[in-house]
Every structure is written in C-alpha cells, then in structure tokens.
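A.B. asks: Sharing a structure, written as structure tokens. Questions coming.
We did not get these values from a lab; they are worked out from the coordinates using the rules stated. Since this is a predicted model, take the numbers as computed values, not measurements. Counting neighbours? That spans all protein chains shown, and the Cβs are built from the backbone with ideal geometry, glycine included.
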Amino acid sequence: MGLDSQNVLELVSNSLSAEKLRHTIGVADFAGDLARQHGLDPERVRFAALLHDLAKEIPLEQQLVLARRWNLLDYPEDELSPQVLHGPLAAYCLEHQYGVDDQEVLAAIAHHTLGFPGMSCFEMLIYSSDLVEPNRDFPKVDNLRQALYHNIEQGTLVCMEHSLEYLKYSKKQIHPLTILTYEDLQRRLEFGT
Ligand SMILES: [Fe+2]
Ligand SMILES: [Fe+2]
C-alpha cells in the first residue's frame, strides 16, 4: 500500500492521541513554511513531518521488542532510553509495511530525535521543527525559530545547543549520536563543507 497525503492524515489520526496529533500538525505546518523559505519541496517535507512520530505512542516495552526484532538497536543507550527508538521504528515500518521508498524522508523520520552525522537540510528541517513548532513554548523559542528562518544549518546548530544545554541542566543522559551530530554540524559550518 502506498501512502498519499490523504491516507497519511488518516494513518496518523488513527495512531496518535489528540495532543500528539496537534504537535504533529504543528511540526508539519512549521516545517512546510521553512521548506518554502529555503527552497525545499514543502509537500515532501510535510509528508515526513506528519509521519515523524507515528510510532511514538507504541508502549515502550513493545518498541524495544520491535527494535530488537528489526535489528535497530545500535547503541547500549538505545536500550537504556527506549524513547529514542520511535523514529527508527517509524521509518522501518513505513519502508517495510507501507512501501515508502523516499530515502531522505525515511532518514528524516529515523533521525528526528537524536540527529545523525551528515544530516541533509531536509533532515535538519524535521529535526528542528520538532523542537520549535508553534505549540512549543519555552524561553527563547522565538530566537530559535528566527535562526531557522535565516539559515537552516546555523539554526539547527542553535537548536542543538539549546537541547544539549537542557539535557545537561536537567542531568539527563546525552546520547552519543547527538554529540556526534553536533560535532559534525559544527565542523561543517566551520569548514563550509
Ligand atoms: Fe519524536
Ligand atoms: Fe515530535
């Protein structure tokens, strides 16, 4: 079965609570606007955004079972913090059960929680919109939104710095992929590659 914009909405409406659906639509709206601003295809971006949290509300024990079955556990931290698994799970499921074959869409969904070294602008756009979509409300959220409108890569770096600060402040574990992604983005911006 292929997914078009009509049945994507149906799928996410059936898979998510009202609160998560509201967040998802916020990500799609914000990411779609950013895509237009930066010359990316807003329809592809909205498609990825609508599906990014598809697996979010599967119970965590079940997410772990599926991740083991589908060989998606790459780091010890993945088992210790299974809430990071819903992106890779959604991407796997969309590829293998729904026939989605747009690799950049799948990568953006898989990497939306932790990031990934070498992320494309498309992936960054989903990653960052997840953090600053219109329903999010925290100090400086507008600064992050403005930074993203100005420049996707620089804006994503600022979003990552904000997230790392938050994780350090709340003494939460920082996943190695997030550190690798941050260092990669810093290097790319410094050397322009
Ligand atoms: Fe998520
Ligand atoms: Fe999300």
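A.B. asks: Alpha carbon centre of segment 15-76 versus segment 108-184: separation in Å?
C.D. replies: Rounded to whole Å, the Cα centres lie 14 Å apart.
A.B. asks: Turning to a different aspect of this structure: Kindly state, to the nearest 0.05, the FRET efficiency for Lys171 paired with Glu79, given R0 = 22 Å and r defined as their beta-carbon distance.
C.D. replies: 0.65
A.B. asks: When only C-alpha pairs under 8 Å and at least 6 residues apart count, what is the relative contact order of the chain, in percent?
C.D. replies: 21 percent
A.B. asks: Still on this structure, I have one more. Assign unit charges at the C-beta atoms only (+1 for Lys and Arg, -1 for Asp and Glu), then state the dipole size of the chain relative to its Cα centre in Debye, rounded to the nearest 20.
C.D. replies: I would put it at about 380 debye.
A.B. asks: Hey, another quick one. Could you please report the charge total around Pro176, scoring K, R as +1 and D, E as -1 over all other residues with beta-carbon less than 11 angstrom from its beta-carbon?
C.D. replies: Counting the neighbours of Pro176, the net charge comes to -4.
A.B. asks: Could you give the Stokes-Einstein D for segment 5-191 in µm² per second, using the C-alpha Kirkwood radius, 37 °C, 0.692 mPa s?
C.D. replies: Answer from the Stokes-Einstein relation: 198 µm²/s.
A.B. asks: Stretched out fully, how many nm does the piece from Arg68 to Arg22 gain, at 0.36 nm a residue minus the Cα gap?
C.D. replies: Result: 13.6 nm gained on full extension.
A.B. asks: Can you return the lysines within cross-link range of Lys172? Criterion is Cα-Cα under 21 Å, with same-chain partners fewer than 8 residues away left out.
C.D. replies: List returned: Lys56, Lys140.
A.B. asks: What order do you get for 20-32, 168-180, 146-158 when each peptide is scored by the mean count of other beta carbon atoms within 10 Å, highest first?
C.D. replies: By packing density, highest mean first, the sequence is 20-32, 146-158, 168-180.
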